[in-house]
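Heads up: the structure comes next, in structure tokens.
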Amino acid sequence: MNLMEIFSEVVVVVSLLLPVALIFVVGPSRLWKSLSNLKPKLREAAPVYVALGIVLGINSIARDTGNNLSWIIGINITGHIHTFEGQFVADLQSMATPALTTYFSAIYVFGYTFLLVFPLFAYLLHDDLRPLYETVTAYILNYSVGLVCYIVFVAYGPRNLIPELVEPLLYTNWPHSQLLTSEVNTNTNVFPSLHTSLSVTVALLSYRYRDVYSRWVPIACLLAVSVAIATMYLGIHWLTDVVVGTVLAVISVALAIRYGERLHRGPRLFATDWIGYRAVTYVRNWRRND
């Protein structure tokens with residue numbers, strides 16, 4: 001099995017899950033009504049999708065360059081993490097069973113992808129696109145901060161540092177998945193866990209907009225918790241990576257709530273707002289001093 005076959009498998013699984021989840025979460029009648037009015041929403045939301053695509057493209061291009069740069073200027077914190085938390089991941093993995101390994105492997109690849117993609121469709125169907133703007137803004141913040149951290153910090157995962165205690169269960173259970181994961185990450189890019197930060201981001205926003213899609217909240221929270229545990233159970237991330245990833249999610253969501261609308265309005269309107277604000281401030285100060 002080659003990379004394209006694995007990628008196609010992920011696309012097929014997520015594509016099958018999406019319509020089922022949309023019908024369940026959004027509701028048949030509400031879904032049909034939203035689809036009939038989809039074109040104007042797509043035009044309105046296009047800038048945020050383009051912005052996200054640009055950030056993902058930059059991350060993809062910068063991954064190899066950033067990894068090389070990290071070895072020059074980065075701080076190796078692997079030993080500090082291991083000293084701080086000890087054998088936590090190894091102890092967690094000691095409870096491994098074939099059923100759990102299958103579940104967490106599926107969650108890490110398919111569940112995580114579905115969790116991130118679903119809000120991009122579901123919030124597009126909502127009358128108010130604010131949830132979509134905040135979601136995309138939070139994604140961009142997560143990826144941007146993650147890229148910086150991966151350059152500043154060199155950190156090997158537990159399966160690489162202590163292979164005698166921690167097995168690479170994902171690759172043992174599904175060997176071909178290594179072709180896919182190697183395309184989006186390297187062995188030294190584990191601090192923080194972007195799987196965790198992005199998953200927790202979705203869960204937090206699902207709760208914030210629980211009045212919009214109440215059925216999405218338990219699904220998002222269950223998947224987010226499962227993804228966080230999966231990263232450690234499979235030997236990919238340390239507990240420290242997960243904790244810091246959770247903090248990153250909280251910060252990203254807080255900033256997205258404040259600035260998400262501006263991503264949609266675009267740099268030009270943002271600049272116009274800033275100039276207008278400066279002009280009003282200048283006039284007020286002039287009147288006060290006159």
Local charge sum around L92 (other residues, Cβ-Cβ under 14 Å, Lys/Arg +1, Asp/Glu -1)?
-3
What's the extension gain from F84 to V250 if we count 0.36 nm per residue and subtract their Cα-Cα distance?
57.5 nm
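If the chain between L56 and W32 were fully stretched, how many nm would it gain, using 0.36 nm times the residue separation less the Cα-Cα distance?
5.6 nm
Distances over 13 Å make up what percent of all Cα-Cα pairs in the stretch 61-115?
Beyond 13 Å sits 75 percent of the P(r) for the stretch 61-115.
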Could you list L16, L124, L234 in order of exposure, starting from the residue whose Cβ has the fewest other Cβ atoms within 10 Å?
L16, L124, L234
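How much of the calculated P(r) for the stretch 1-151 lies past 18 Å, in percent of all Cα pairs? The partial results should precede the final answer.
Working: 8253 of 11325 pairs.
That fraction is 73 percent.
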Packing-based exposure ordering (other Cβ within 10 Å, fewest first) of C149, C221:
C221, C149
Under the definition of Cα pairs under 8 Å and six or more residues apart, what whole-number percent is the relative contact order of the stretch 103-195?
34
Can you work out the PRE-style zone for V243? Point 7 Å along Cα to Cβ, and I want the residues of the stretch 52-91 with backbone N under 18 Å.
77-91
Least to most buried among H176, H195 (fewest other Cβ within 10 Å first)
H176, H195
Computed lengthening from V11 to R215, 0.36 nm per intervening residue step minus Cα-Cα distance
71.1 nm
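Would you calculate the convex hull of the Cα atoms in the stretch 184-244 and tell me its volume per residue in Å³?
Hull volume normalised by residue count: 74 Å³.
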May I ask for the distance between the Cα centers of the stretch 1-62 and the stretch 86-143, given as a whole number of Å?
14
Normalized C-alpha radius of gyration of the stretch 3-289, against 2.2 N^0.38 Å?
1.11
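Each value in this text was obtained by applying a stated rule to the coordinates, not by laboratory testing. Keep in mind that what you see is a predicted model, and the values were worked out from it rather than measured. Positions of Cβ are backbone-derived with ideal geometry, glycine not excepted, and every protein chain shown enters the neighbour counts.
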